[in-house]
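> Provided herewith is a single structure, encoded as structure tokens, for subsequent inquiry.
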Amino acid sequence: MTNQTIGIEGTVPEGDLPQGTHPVPGRREWRPIWSGRGGESIPQHFGSCAADTTDPRSEFGSERQMRGSRIIGIDVARMVALIGMILAHTLPTMDPETAEPTFVQIFAGGNASALFALLAGIGITLTTRRAQNRGFGARQVARTQVVVRAALILFIGLSFNSLVEPLDMNILPYYSILFLMTIPFLFVRRRVIIGWIVFCTIVGPLVQYAVRARTGVATIPAPVFSDFLSSPVDTFTGLLFTGTYPVTTWVVYILIGLLVGRLALNRLQVQLGLLGAGTIISLLGFGLSRLLVSYAGGFERMLYSTEATTAAQVREALHTVPDTGIPTSSLWWLTTAAPHANTPFSLLHSIGVAMAVLGAVLLLCRLSSRITYPLSLVGSMTLTLYVIHLTFLDFIDVEAFPNTAFAIQVLLMFAVALSWRSFFAQGPLEWVVSRITKSVGPRRRSPQRVSGDPEPMTDTGPVPPRGDAS
């Protein structure tokens, strides 16, 4: 058996090859790793750290952060993102007397929707991770289910815009395109995703700047069904480049979510790492922006980019973005870190805030499940509650009584979620999307899982097995 090549399907283990034989290059099949305790082996979960064999059940508050197979903190983070978006859409973002940003603009503006997108990426990873080591057929089923989910979200978003007056803050049409853009990255290595994150963070703002700099560029930020037929170029220009949540930069958030979803989110060290790394990234994005604006001549370059630009307009652009987007008279406008500015610095700032909030919420869920579990019920049906929120904005003039309108929406959100979840396991829209999406996969003809079929998809993080021999 000399000079013979042993393939993946061979009977000789790779570590026990006879002298003179060579394994075939490429990805190997799943193999258990030795845990070092009682001869037990721990399966190496897709994206998890094989070297960490500490039992997560020995960590503080581990029993309070799980509900069955779900990590409560992920749903609680969805609720935080939803409340943040309600804040940003209801309460004033700029003080009319001082022209300074309010606490809503500082903490929720742009950051809440970024957290929403990051959590979407985590959800996609958690619902497709089991297909990683189950063959090409299972991976194709997972990709198809993402396409179906994206189509359903697009249908819901366009239906809402068609039934009521279209709202620019409706993120669902953008969401659907973002889902489709994750398909090439579902089962690739981390370094590939990181490379595309860096590329989109730098190049995406430049492409959007170039598109908006062209005179006569039309945009449809809140499309309806007919827009895809009557004005397809303007519709996709708005979705990709000039809309409220342009996909060419917002894809960064959902790609970050794909990476974070591969971590063991129920582990204490991962949660602390998210909090610490998110804080550093957020301060880095905001600090670099202020350094360039205040000490590298950015303020003066923006001020003298046109004769009509005033110092008040430049100061305002550092905190908020005009309805037409940041000006295109100078590339120095890309140094601002204002919410929804879609510059490299605003992306870094919002990425860091989203990661830090997720880490903080996961840590808080270790303290008391009596408080966090009701909050997680709200976060488990955010699609339904988000549509209710948009409906409220369409029929109620929130600018007349913003504080009261915000309180009504929050109370309505909790009342609907708690009452509905008392009788049903999912929200109505979540149930429809889930049932149609899962119907795409192969039907099981027996209780036993057929080889090649994906396992049931659950929104949970990797939970390593017990460390004892039992």
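> Take S368 and decide whether it is among the polar types (S, T, N, Q), at pLDDT below 95 and open to solvent by less than 60 Å² (accessible area, probe 1.4 Å).
yes
> How do the pairs read when you match residues in segment 292-313 that are open to solvent by 70 Å² or more (accessible area, probe 1.4 Å) with residues anywhere that are part of a loop (DSSP other than H, G, I, E, B), using Cβ under 6 Å and keeping only pairs 6 or more apart or on different chains?
From residues that are open to solvent by 70 Å² or more (accessible area, probe 1.4 Å), the pairs are R301/S330.
> Among the residues of segment 369-383, is there at least one that is outside any helix (DSSP H, G or I), more than 21 Å from G73 (Cα to Cα) and not β-branched (V, I, T)?
Looking for residues that are outside any helix (DSSP H, G or I), more than 21 Å from G73 (Cα to Cα) and not β-branched (V, I, T), one finds none in segment 369-383, hence no.
> For segment 62-91, how many residues are part of a strand (DSSP E or B) and open to solvent by less than 40 Å² (accessible area, probe 1.4 Å)?
1
> Among P322, P374, which is the only one that is open to solvent by less than 50 Å² (accessible area, probe 1.4 Å) and out of contact with any Ser or Thr (no Cβ under 9 Å at 6 or more places or on another chain)?
The match here is P374.
> Here's a follow-up. Which one of these is among the aromatic types (F, W, Y), surrounded by 22 or more Cβ atoms within 10 Å (Cβ to Cβ) and touching a residue at least 40 places away in the same chain (Cβ under 8 Å): F160, F116, F187?
None of the other options fit; the residue is F116.
> Can you pull out every residue in segment 94-113 that is buried (at least 20 other Cβ atoms within 10 Å of the Cβ) and in contact (Cβ under 8 Å) with a residue 40 or more places away in the chain?
P101, Q105, G109, G110, N111, S113
> Considering each of A138, A150, A131, A142 in turn, give the residue that is surrounded by fewer than 22 Cβ atoms within 10 Å (Cβ to Cβ) and either free of Cβ contacts under 8 Å to residues at least 12 places away in the same chain or within 27 Å of G73 (Cβ to Cβ) (or both).
Exactly one residue qualifies, and that residue is A150.
> Within segment 140-151, is even one residue charged (D, E, K, R) and not in a helix (DSSP H, G or I)?
no
> All but one of (1) buried (at least 17 other Cβ atoms within 10 Å of the Cβ); (2) on the phi > 0 side of the Ramachandran plot; (3) not acidic (D, E) hold for S289; state the number of the condition that does not hold.
Answer for S289: the failing condition is (2).
> Can you tell me which residue within segment 230-279, out of those that are under 15 Å from F116 (Cα atoms) and of a type outside the set (A, V, I, L, M), is modelled with the lowest pLDDT?
Ranking the qualifying residues of segment 230-279, first place goes to T244.
> For the structure I just gave you, tell me whether G352 is in contact with a Ser or Thr (Cβ under 7 Å, 6 or more places away or on another chain), crowded, with 18+ Cβ neighbours inside 10 Å, part of a helix (DSSP H, G or I) and among the small types (G, A, S).
yes
> Pairs under 6 Å by beta carbon, first residue closer than 18 Å to I122 by Cα in segment 58-72, partner polar (S, T, N, Q) and buried (at least 17 other Cβ atoms within 10 Å of the Cβ), six or more apart or different chains?
What qualifies is S69/T460; R70/T460; I71/N266; I71/T460; I72/Q65; I72/T372; I72/S376.
> Further, regarding this structure: Test each condition in (1) over 30 Å from I220 (Cβ atoms); (2) open to solvent by 60 Å² or more (accessible area, probe 1.4 Å); (3) touching a residue at least 12 places away in the same chain (Cβ under 8 Å); (4) in a helix (DSSP H, G or I) for W332 and report the one that comes out false.
(1)
> Go through segment 326-372 and give me each residue that's farther than 24 Å from G287 by Cβ and not hydrophobic (A, V, I, L, M, F, W, C).
Across segment 326-372, the qualifying residues are T328, S329, R366, S368, S369, R370, T372.
> Suppose the filter is over 14 Å from the mean Cα position of the chain (by Cα), on the phi < 0 side of the Ramachandran plot and of a type in the set (V, I, T); does V357 pass it?
no
> Check segment 101-110 and report whether any residue there is in a helix (DSSP H, G or I) and either touching a Cys at 6+ places or on another chain (Cβ under 8 Å) or of a type in the set (A, V, I, L, M) (or both).
Within segment 101-110, one or more residues are in a helix (DSSP H, G or I) and either touching a Cys at 6+ places or on another chain (Cβ under 8 Å) or of a type in the set (A, V, I, L, M) (or both).
> If you take the residues of segment 202-229 that are of a type in the set (S, T, N, Q) and under 26 Å from the mean Cα position of the chain (by Cα), which of them is modelled with the highest pLDDT?
Q208
> At pLDDT below 95, under 21 Å from the mean Cα position of the chain (by Cα) and not β-branched (V, I, T), is that true of M169?
yes
> Regarding S282, is this residue of a type in the set (S, T, Y) and in a helix (DSSP H, G or I)?
yes
> Can you pull out the residues in segment 220-243 that are in contact with a Phe, Trp or Tyr (Cβ under 8 Å, 6 or more places away or on another chain) and either open to solvent by 40 Å² or more (accessible area, probe 1.4 Å) or assigned to a helix (DSSP H, G or I) (or both)?
Result: T235, L239.
> Still on this structure, please answer the following. If the requirement is being under 30 Å from L331 (Cα atoms), part of a loop (DSSP other than H, G, I, E, B), β-branched (V, I, T) and open to solvent by 20 Å² or more (accessible area, probe 1.4 Å), which of these qualifies: V211, V217, V192?
Checking each option against the conditions leaves just V217.
The values are calculated or read from the model by the stated rules, or taken from the named source; none is laboratory data. Since this is a predicted model, take the numbers as computed values, not measurements. All Cβ positions, even for glycine, are placed from backbone atoms using ideal geometry, and neighbour counts span all protein chains on display. For the accessible areas, the whole protein counts, side chains as well, though only heavy atoms, and no ligand, DNA or RNA atoms are used. Shrake-Rupley method; radii C 1.70, N 1.55, O 1.52, S 1.80 Å.
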